[in-house]
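The values are calculated or read from the model by the stated rules, or taken from the named source; none is laboratory data. Keep in mind that this is a model prediction, so the values were computed, not measured. So basically every Cβ, Gly included, is an ideal-geometry build from the backbone, and we count neighbours across all protein chains shown. Calculation scope for accessible area: heavy atoms of the full protein, side chains included, ligands and nucleic acids excluded. Shrake-Rupley method; radii C 1.70, N 1.55, O 1.52, S 1.80 Å.
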Amino acid sequence: ILDAACGSGQHAIALARRQYQVVGADLSAAMVNRAHENAAAAGVDAAFVVAGLGELATVARTAGPEEPFDAVLCLGNSLPHLLSAEAVAAALDDFAAVLRPGGLLVIQNRNFDRVWTRRERFIGPQAHSEGERQWLFVRFYDFQPTTLTFNMVRLVNAGEGWAQDVESTELRPIFAGELAEGLRAAGFGEVLLYGGYDRSPFHPDD
């Protein structure tokens, strides 16, 4: 399995625990280093390489099997970080190039059909705690003519009061119809859209 845009490697590590042969790839060298550390701490065998979406066919082979992958994952709303239709098409072609015939591609995106139409700025806040440390994450969008900015306000309390920082990332919304059309153009024969990992039906307004 190839985990594209793997971040800190948590999905790859979970799959390796289940005895899958996994390669994780990410554009960020810092994230790949963190993934190596996390895999070592978890005691699992997973390979990680520095490679962005569109570079997988040439780079992932250096750490993975010689034969094509059985499955490719692109999770965490990663594909919309590509800011042009051409870059998205190249990434989909890249996915197809590393997969065996009949292989499985799983892409997880926000439902931008709804977000873009309704101009829904705010995503529900998230909280996390470990011992005395607490984290709050507040996420919201700023809408541009053809892109949007995803903002995350991170509040941390380590027992000495709250500190905060803000991280912003530009995204290009990918709508369901565009994604399905692009996948077919890349050679994928069966394209199924779901509303969640439970395979519930996809509704653009839901």
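A few remarks follow.
- Count of region 14-35 residues which are within 16 Å of ALA71 (Cβ to Cβ), free of Cβ contacts under 8 Å to residues at least 40 places away in the same chain and open to solvent by less than 40 Å² (accessible area, probe 1.4 Å): 6
- Test result for PRO101, out of contact with any helix residue (DSSP H, G or I) (no Cβ under 9 Å at 6 or more places or on another chain), under 30 Å from GLU160 (Cβ atoms), at pLDDT below 95 and of a type outside the set (A, V, I, L, M): no
- Inter-residue pairs, beta-carbon under 8 Å, first within 23 Å of PRO101 (Cβ to Cβ) and part of a loop (DSSP other than H, G, I, E, B) and in region 183-205, second of a type outside the set (A, V, I, L, M) and open to solvent by less than 70 Å² (accessible area, probe 1.4 Å), 6+ apart: ALA186/PHE95; LEU193/PHE202
- Test result for ALA89, part of a helix (DSSP H, G or I) and either open to solvent by 30 Å² or more (accessible area, probe 1.4 Å) or at pLDDT 95 or above (or both): yes
- Sole exception among (1) under 24 Å from SER8 (Cα atoms); (2) more than 19 Å from the chain's Cα centre (by Cα) for GLU120, by number: (1)
- Summed over region 117-151, the residues that are of a type in the set (A, V, I, L, M, F, W, C), over 29 Å from LEU2 (Cβ atoms) and surrounded by 11 or more Cβ atoms within 10 Å (Cβ to Cβ) give a count of 5.
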